[in-house]
1. For V100, enumerate residues with amide H under 5 Å from its amide H, sequence gap 5+ or separate chain, H modeled in the peptide plane.
2. Taking the Cβ of Y37 as the center, what net charge do the other residues with Cβ under 13 Å away carry, scoring Lys and Arg +1 and Asp and Glu -1?
3. Multiplying the sequence separation of D138 and V38 by 0.36 nm and subtracting their Cα-Cα distance, what value in nm do you get?
4. Let me check against my output: what whole-number percent is the relative contact order of the chain, with C-alpha pairs under 8 Å and at least 6 apart?
5. Local charge sum around L9 (other residues, Cβ-Cβ under 14 Å, Lys/Arg +1, Asp/Glu -1)?
6. Which value at 222 nm does the chain reach when only helices count, each DSSP H run of 4 or more adding -39,500 (n - 2.57), with the total divided by all residues and rounded to the nearest 500 deg cm²/dmol?
7. Using 0.36 nm per residue of separation minus the Cα-Cα distance, give me the extension gain between Q84 and E152 in nm, one decimal.
8. From the backbone phi of region 7-21, what are the Karplus-calculated ³J(HN,Hα) couplings (6.51 cos²θ - 1.76 cosθ + 1.60, θ = phi - 60°) in whole Hz, Gly and Pro given as x?
Amino acid sequence: MRVYVPTTLAALAEAQQGGALAQAAAYAVTPALREWYVSDDLEELEYAALVRAAQSSLRLLAADPGAPRRRVVVALDVADSAVQPYPGDEYQDQASLGRVVLAGAVKLAKAASVHADADDQEVVEDVAAAADAIAAADAGDTDAQFSVDGAEDHELLWYATQEIPGLIG
């Protein structure tokens, strides 16, 4: 099963050194996501899971003011048995559809790819503004939601796993 693990550049650097991602939360194509997205196209569904992981990465950035302001998602292939439904899956809000729990740390060697924001001044500024605004957006502030949407206007770039050292460097 393909899962998308939200992270930050700082946490990715730690995973590179330690060999494993400690993050337990991930996103995948779940029944709830399939039902909401109403598509049979696996590629579209996986993209929807990736977008939700990017939103979660933004929340990780908000919690870590010292982390570089770039969203990061690691795409991993894991055994179906390593993925558990997130508790209360049927009651998730739209932003958390597809959220799953991994059974434990996942070896970074299982990564298929890494997706991250460009190291571009405009992107970094938009992501920083979104990280600062995410809590207010969650509380219903429409101006804050506009800032969050500004970050989501930027597509994550695709990186091969052998590019991780350059990405975190």
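1. Excluding prolines and chain starts, which carry no amide H, the hits are A26, Y27, A28.
2. -4
3. Fully extending the segment from D138 to V38 adds 33.5 nm.
4. It comes to 28 percent, rounded to a whole number.
5. My count for the surroundings of L9 gives -2.
6. That calculation yields -13500 deg cm²/dmol at 222 nm.
7. Net length gain for the segment: 21.8 nm.
8. Per residue, the Karplus-derived 3J(HN,Hα) values read 7, 10, 4, 5, 5, 5, 5, 5, 5, 4, 6, x, x, 8, 8 Hz.
Bear in mind these aren't lab numbers, they're just calculated from the coordinates by the rules spelled out. Everything numeric here is computed off the predicted structure, so don't read it as measured data. Counting neighbours? That spans all protein chains shown, and the Cβs are built from the backbone with ideal geometry, glycine included.
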